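Data first, discussion second: the structure below is written as structure tokens.
Any read-out appearing in this document is the output of simple, stated calculations on the displayed coordinates, not a laboratory observation. Everything numeric in this text was worked out from a predicted model, so none of it was measured. For neighbour counting, all protein chains shown are included, and Cβ atoms are generated from backbone atoms with ideal geometry for every residue, glycine included.
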Amino acid sequence: MTAFSFKDFMGALSVAIALFSYGLYVWKTFRAHARPHPLSWLIFGVLSATGFLIQLDQSAGAGSWVMGVTAAVCFMLCLIGFWQGERTFPWYEWAFLAAAAIVFAFYLWSQQPAASAILASIVNVLGFGPTLTKAWARPRSDSASTFMLNGLKFVPSLFAMDSVTVATCVLPASLVVTNLAVALVIFARRKFPPAQLRGG
């Protein structure tokens, strides 16, 4: 029997944080405290699936576990968002989705892991644009704690990587930054709302 290693522990910790954060988000969603933005979650799902395949192919080991869980849950949250009735989206969100799909297809066709991971990271940063806009305009329509945990969950996964390369690490690193940025915007907007929201 193989001993449970430090990397296995860090990979399991990442998954545990992910499951807790998504469980919290789903609970808030069904209590009407959060509304998943379906196209954003679909974009994140496609990019996470791309990252997971890259990490799997590059033998990232336990470091890849959380990316696989993230992809699956993103697709689930996309479906919940559509079920809640959000079905109209601006053209640029469709453009981000098309870009994410192109990156996914590019990796399958080219098998260039580093280039594909960098492209996925760029699309991820750009794809967070609608989420940041929504967080700025409607800070109480999303869960700051979920985005914070979704950023932090990738930190242990970086220590769990069996293969530490640009291909395996650039996407989770970008997800740490972008998720924490959204959480910061939500926290800031709730703490310091504009005067018109205060009725002033």
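When you look at Leu126, is it farther than 29 Å from Ser5 by Cβ, touching a helix residue (DSSP H, G or I) at 6+ places or on another chain (Cβ under 7 Å) and surrounded by 15 or more Cβ atoms within 10 Å (Cβ to Cβ), yes or no? Reasoning before the result, please.
Numbers: farther than 29 Å from Ser5 by Cβ: yes; touching a helix residue (DSSP H, G or I) at 6+ places or on another chain (Cβ under 7 Å): yes; surrounded by 15 or more Cβ atoms within 10 Å (Cβ to Cβ): yes.
In short, yes.
Looking at segment 55-71 only, could you name the residues that are buried (at least 19 other Cβ atoms within 10 Å of the Cβ) and in contact with a Ser or Thr (Cβ under 6 Å, 6 or more places away or on another chain)?
Result: Gln55, Gln58, Ala60, Gly63, Val66, Met67, Thr70, Ala71.
Return the total of residues in segment 133-147 being buried (at least 18 other Cβ atoms within 10 Å of the Cβ) and closer than 26 Å to Phe104 by Cα. Let's see the steps before the verdict.
As a first pass, look at segment 133-147 and keep what is buried (at least 18 other Cβ atoms within 10 Å of the Cβ): 134-135, 139, 142-144, 146-147.
Next cut, closer than 26 Å to Phe104 by Cα only: 134, 146-147.
Residues meeting the conditions: 3.
Scan (1) touching a residue at least 24 places away in the same chain (Cβ under 8 Å); (2) surrounded by 16 or more Cβ atoms within 10 Å (Cβ to Cβ) for the single condition Leu119 breaks and write down its number.
The failed condition is (1).
Only one of these is in contact with an Asp or Glu (Cβ under 6 Å, 6 or more places away or on another chain) and closer than 30 Å to Pro193 by Cα: Pro90, Pro139, Pro130. Name it.
So the residue among Pro90, Pro139, Pro130 that is in contact with an Asp or Glu (Cβ under 6 Å, 6 or more places away or on another chain) and closer than 30 Å to Pro193 by Cα is Pro130.
Determine whether Ala71 is assigned to a helix (DSSP H, G or I) and either under 18 Å from Leu13 (Cα atoms) or of a type in the set (S, T, N, Q) (or both).
yes
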